[in-house]
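Structure record follows, encoded as structure tokens.
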Amino acid sequence: MSREAYEVITRGLRGDAVGFLSRHVVMMGVRGNDGAANSQVRGFEFEMAYPTRSGGAVFKPTREELGGAEAPVFFYYLPWGTGTYMRLDPQDGPDFMITATVKGCAVGYERAADGAVRVGHYDLCTAGRGTKPEGTRAGRGGVYADEDGVALIYGVRANRRWAIYAQPVTAVQTIDQPNGQVRLDAEIGAVKPF
């Protein structure tokens with residue numbers, strides 16, 4: 001990861017997360033259904049891959065599963081999988097959480113009295129579509145479902161409190177690159193805490 005990419009991601013999420021996420025995408029879920037265990041903490045290197053239509057950049061992982069000093073930034077990472085969940089600690093572990101790309105699914109969370117947050121991923125494309133994920137209650141947590149587009153869900157811990165944000169992304173088009181990779185021409189919708 002270039003030092004510039006690291007600084008942009010960490011300063012953006014720690015500073016004005018809504019402003020940062022209104023322009024930039026930290027793209028995950030390249031292999032989202034990878035069978036990772038719950039409460040997975042992963043180290044990543046990112047690169048600024050290409051621009052968004054929202055005036056920022058798409059950051060893509062160049063390497064993941066890094067450990068120790070080798071990883072410039074650590075995330076709690078919630079992969080795809082119905083009923084997959086993790087606990088975000090109010091004091092220990094990374095300050096950031098990110099999900100795999102959400103499409104036709106829901107992410108719900110619930111806060112505990114000690115400041116911990118339980119975040120879960122639920123597949124609304126199969127049986128139970130449109131139902132509220134088990135364990136979420138009005139007033140105690142939130143549910144985000146985006147059946148018509150793509151979204152990423154981020155968590156940012158500051159002062160032992162987790163804020164959770166939903167970032168809807170519209171794929172305007174995909175552009176084939178000369179090297180055989182595909183570039184997503186992305187536009188970011190209204191980012192908000194939920």
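Values in this text are rule-based calculations from the coordinates and carry no lab data. Please read all numbers here as calculations on a predicted model, not as lab measurements. Note that each Cβ is placed from the backbone with ideal geometry, even for glycine, and that neighbours are counted across all protein chains shown.
As a proxy for reagent exposure, 23, 160 were ordered by neighbouring Cβ count within 10 angstrom, fewest first; the result is 160, 23.
Note on residue 161/residue 190: beta-carbon distance plugged into 1/(1 + (r/R0)^6) with R0 of 30 Å gives a FRET efficiency of 0.85. Label-to-label distance for residue 47 and residue 170 is 2.9 nm, based on points extended 7 Å past Cα in the beta-carbon direction.
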